[in-house]
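Asks: The structure's right below; bear with me while I get my questions together.
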Amino acid sequence: VCAEHSGRRPWDRGMVLLVDTARYPLRVQAVHRVLPDLPAAEALDRLGATFRTRPLHAALPDALAHLAAAPGPAFLLAGAGALHLLDRPDPETLERAIRPDRPRAWRELDATVLHAVLSSAAWRPGPIRYLHDAAGAVTQAERAGGTALLLRPVPEGTVRALAEAGVTMPHKSTSFGPKPATGLLLRPLDQD
């Protein structure tokens, strides 16, 4: 920006929202997927031996607790009235599918495994819907006769460490909060 116009146009300045993180800590939430055109039985069939697959005879909150406790990359697959825990991925499949030039923390993210192994190789799904609410994702999958894939939130420390290393997170892997309410911040462009 040239000196004579510096600071005179509204777009020369940016808006900032400052949040007291001691009072309102940062929340990192998962972004779940709904694959409306992929029936759950077909999704499970296409997995082959890529993951250990276990049916969970539990309510959604208990199934999410099983997912949270699973070591390594893991997912909760929902559809056709059933829940399945996908965990213990085949190490050779991961080795072939995931970029080796990234830090280990990035290679082990659930979203990295999802994109490299499930979305790209095993499923190649059509449209994907992204939801922050696990129960809402399951409901949408059931209504469409498709599959919901529920993910765990990425720990804040992992997000921070990867950002400090200059590594970009996988697509739709995090949802940060708190978020400002819609319409809370306005910036008129016709004023100085």
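The values are calculated or read from the model by the stated rules, or taken from the named source; none is laboratory data. Keep in mind that this is a model prediction, so the values were computed, not measured. We place every Cβ from the backbone using ideal geometry, glycine too, and count neighbours over all the protein chains shown. Side chains included, ligands, DNA and RNA excluded: accessible areas come from the protein's heavy atoms. Shrake-Rupley method; radii C 1.70, N 1.55, O 1.52, S 1.80 Å.
Asks: Of all residues in the stretch 114-147, which are within 14 Å of the chain's Cα centre (by Cα), closer than 19 Å to A63 by Cβ and aliphatic (A, V, I, L, M)?
Replies: Those that are within 14 Å of the chain's Cα centre (by Cα), closer than 19 Å to A63 by Cβ and aliphatic (A, V, I, L, M): L114, L118, L131, A134, A137.
Asks: Do you know which residues across the stretch 140-158 are open to solvent by 20 Å² or more (accessible area, probe 1.4 Å), in contact with a strand residue (DSSP E or B) (Cβ under 6 Å, 6 or more places away or on another chain) and under 26 Å from T50 (Cα atoms)?
Replies: Across the stretch 140-158, the qualifying residues are Q140, P153.
Asks: The conditions are (1) modelled with pLDDT of 95 or more; (2) under 21 Å from the mean Cα position of the chain (by Cα); (3) among the charged types (D, E, K, R), and R54 fails exactly one of them. Which is it?
Replies: (2)
Asks: Just checking: which of the strands (runs of 3 or more DSSP E) contained wholly in the stretch 48-107 hold 1 or more residues that are open to solvent by 80 Å² or more (accessible area, probe 1.4 Å)?
Replies: 52-56
Asks: On the given criteria, is A43 in contact with a Ser or Thr (Cβ under 6 Å, 6 or more places away or on another chain), surrounded by 11 or more Cβ atoms within 10 Å (Cβ to Cβ) and either at pLDDT below 95 or closer than 19 Å to S119 by Cα (or both)?
Replies: It is true that A43 is in contact with a Ser or Thr (Cβ under 6 Å, 6 or more places away or on another chain), surrounded by 11 or more Cβ atoms within 10 Å (Cβ to Cβ) and either at pLDDT below 95 or closer than 19 Å to S119 by Cα (or both).
Asks: Working carefully through the options A111, A122, A137, A116, find the one that is within 19 Å of H32 (Cβ to Cβ), open to solvent by less than 10 Å² (accessible area, probe 1.4 Å), out of contact with any Asp or Glu (no Cβ under 9 Å at 6 or more places or on another chain) and at pLDDT below 95.
Replies: A111
Asks: Could you list, in sequence order, the residues of the stretch 140-184 that are under 18 Å from P127 (Cα atoms), among the small types (G, A, S) and part of a strand (DSSP E or B)?
Replies: Matches in the stretch 140-184: A148 only.
Asks: Within the stretch 1-40, restricting attention to residues that are over 22 Å from the mean Cα position of the chain (by Cα) and basic (K, R), which residue is modelled with the highest pLDDT?
Replies: R23
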